[in-house]
Structures are given as C-alpha cells and as structure tokens.
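The values are calculated or read from the model by the stated rules, or taken from the named source; none is laboratory data. The model shown is predicted, which means the values in this text are computed figures rather than measured ones. FYI the Cβ positions are ideal-geometry reconstructions off the backbone, even for glycines, and counts take in every protein chain you see.
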2 protein chains.
Amino acid sequence: MSASVFPSRTQTAEIELGTTLQPKFGPDGLIPCITTDHLTNEVLMFAFMNAEALAHTIRTKKATYWSRSRNKLWVKGEESGHAQLVKDLLVDCDQDVVLLKVENVGGAACHNGYKSCFYRKLTPGADVDQAASLTLEFAARRVFDPATVYKKK
Amino acid sequence: MSASVFPSRTQTAEIELGTTLQPKFGPDGLIPCITTDHLTNEVLMFAFMNAEALAHTIRTKKATYWSRSRNKLWVKGEESGHAQLVKDLLVDCDQDVVLLKVENVGGAACHNGYKSCFYRKLTPGADVDQAASLTLEFAARRVFDPATVYKKK
C-alpha cells in the first residue's frame with residue numbers, strides 16, 4: 001500500500017476548513033500521531049505513522065504506527081496484548097498531525113508499565129538557570145510490571 | 001541561549017525511569033510538544049520547541065514554541081493575546097516529547113478560531129479503499145472569528 005491511498009493536498013482553505021481528509025506526510029513519509037484515552041482525553045503516547053500505518057489504522061480500527069527504531073509497521077499491542085481500539089480519528093488544522101481517541105486494552109500504553117508515557121513532570125521550582133534543579137517527579141503509578149508482559153528474548 | 005542549558009543524555013534506564021530532565025532534540029534541534037487543557041486534558045495543539053523555546057517556557061511559564069514556518073521563537077499569544085499559562089510540563093518515557101498542561105487565555109488555541117486545532121474528525125464509515133469516503137466532519141464550534149483577532153497586514 002502506498003501514500004496514494006490518500007488524496008493529494010489542495011489549497012490552504014480546503015485543507016484547514018474543508019471536509020476532505022488530505023494528510024500531510026513529511027519528507028520522511030511520516031506524520032506525527034497523538035494518542036489519547038477516549039474517555040478522559042489523557043494523552044497516552046506519541047508516535048509516527050506512515051501512509052500504510054494510517055490506512056491500516058482506518059481499516060482495522062486498531063492503532064497502527066511506524067516504528068522508526070525497528071523500521072517496520074507496528075500494530076500496537078501485538079506483543080503486549082495492549083491493543084488500542086480507535087474510537088475517533090482527528091486531524092489538526094493543517095492536517096499534518098493525527099489525533100487518535102482510543103480504548104486502551106489492558107489499561108497501559110507505555111512499555112514501562114504506565115497508563116501514559118507521560119508519567120513524569122518537571123519539579124515545581126525548577127530553575128532553567130540552575131541545571132541541577134531541572135528534575136522530574138513521578139506523576140503516575142505503574143499499571144503492570146514490564147518484565148511479566150514482555151518476554152525476554 | 002543554547003541547548004547546553006539542558007543536561008546531556010545518559011543511559012536508557014536513567015532517561016526512562018530516572019528523575020533528571022534530559023530532553024532529546026532531533027537532528028533539526030527540535031522536540032515535539034503536545035499542549036493540552038490543564039482542566040480537561042483536551043489536546044489543544046501540537047508544535048515544536050528548540051532548546052531556547054523550552055528554556056523560555058520553563059522560565060516564563062508561558063508556552064513558547066519554535067515556528068518552523070517563520071523560523072523564529074514563537075511566544076504563543078503574542079499576536080492574538082491568547083497566551084498559554086503552563087501549569088505542568090511533562091516528558092514522555094524516552095524524553096523526546098514534551099507535554100504541556102496549560103490554561104489557554106481567551107479559550108482558543110487555534111488560529112482558525114477553535115479551542116483546539118483538532119476540530120475535525122474522520123467521518124464514521126470512512127473506507128480506506130474508497131478515497132471519496134475519506135471525509136471529515138466538524139466536531140467543534142468556533143470560539144472567535146479569526147478576522148477580528150488577527151489584523152490584516
């Protein structure tokens with residue numbers, strides 16, 4: 001499957017305020033994707049899609065990304081069992097970002113065992129002029145133990 | 001200000017499960033940033049930061065991005081008045097994505113007058129094998145009229 005599944009990009013007015021899906025893939029063939037919990041809006045993860053991944057997501061309603069580290073299609077949950085069932089697929093104003101609202105089977109999106117990959121936040125009082133103060137604090141608890149979900153190879 | 005404000009990247013275990021902020025900027029010097037409403041978690045927008053923008057955000061607690069189209073620092077709201085006051089700054093597991101939780105002054109993050117840039121969703125029943133079915137429907141109403149906020153140059 002190639003990028004030709006999706007329409008060519010037209011004019012700004014149609015891209016931004018029209019009703020034709022015309023996603024913009026970057027020079028690397030990828031489009032950023034933000035994935036959120038469809039009930040709470042919480043951001044679960046961020047990844048990239050190529051045209052094949054986007055088409056596969058629309059066809060199967062299972063969130064599918066392009067793994068840049070493994071250089072292959074990545075159907076979320078294929079190893080962990082924690083699939084993401086797509087309830088809604090949105091695009092931003094200039095259609096160069098995708099937003100998925102999903103039901104995250106198993107409750108954890110992050111390979112480290114957290115519901116969301118964003119489980120740490122900057123410590124209050126962090127001072128950008130004092131590097132030692134730029135610390136993180138944990139803002140979530142683990143949902144699962146990664147060692148029991150991902151088998152050692 | 002340079003990227004040297006932030007610590008160098010260390011080992012995976014420390015990056016993913018440690019408490020030192022060590023953001024990863026890409027080859028282009030940029031890190032993706034997802035911005036959400038601090039009360040509802042709704043995703044408002046997606047943009048990029050360079051090290052200067054991230055440092056400026058931490059220092060001023062006003063969301064600051066790097067505009068790739070204008071090739072300059074972009075303090076959100078400097079033209080529209082719709083600044084974003086940062087309540088929390090999070091990073092993802094491998095610290096190559098930033099997530100801001102903000103109070104969006106004026107209620108609209110999108111230059112098209114919507115609260116969120118993600119105001120359209122894929123029509124239910126869209127069939128990736130039938131290009132004509134890949135349409136969008138509006139999922140939000142405008143908060144302001146862009147013509148009255150952005151002065152014609």
Taking the stated definitions as given, is B:Lys24 of a type in the set (D, E, K, R) and buried (at least 23 other Cβ atoms within 10 Å of the Cβ)?
-> no
Taking the stated definitions as given, is B:Pro32 touching a strand residue (DSSP E or B) at 6+ places or on another chain (Cβ under 9 Å), facing chain A (nearest Cβ under 10 Å), under 17 Å from A:Ser116 (Cβ atoms) and surrounded by fewer than 21 Cβ atoms within 10 Å (Cβ to Cβ)?
-> yes
Scan A:Lys61, A:Lys76, A:Lys87 and give me the residue that is at positive phi and among the basic types (Lys, Arg).
-> A:Lys61
Restricting attention to region B:59-70, report how many residues are among the aliphatic types (A, V, I, L, M) and surrounded by fewer than 20 Cβ atoms within 10 Å (Cβ to Cβ).
-> 0
With the condition kept exactly as written, say whether any residue in region B:48-62 is in contact with an Asp or Glu (Cβ under 6 Å, 6 or more places away or on another chain), at pLDDT 95 or above and more than 7 Å from chain A (Cβ to nearest Cβ).
-> no
Segments classed as strands (runs of 3 or more DSSP E), wholly inside region B:77-153, with at least 2 members that are over 23 Å from A:Pro23 (Cα atoms) and in contact with a Lys or Arg (Cβ under 9 Å, 6 or more places away or on another chain) | B:84-91, B:98-104
When region A:96-153 is examined, which residues are found to be within 10 Å of chain B (Cβ to nearest Cβ) and acidic (Asp, Glu)?
-> A:Asp96, A:Asp127, A:Asp129, A:Glu137
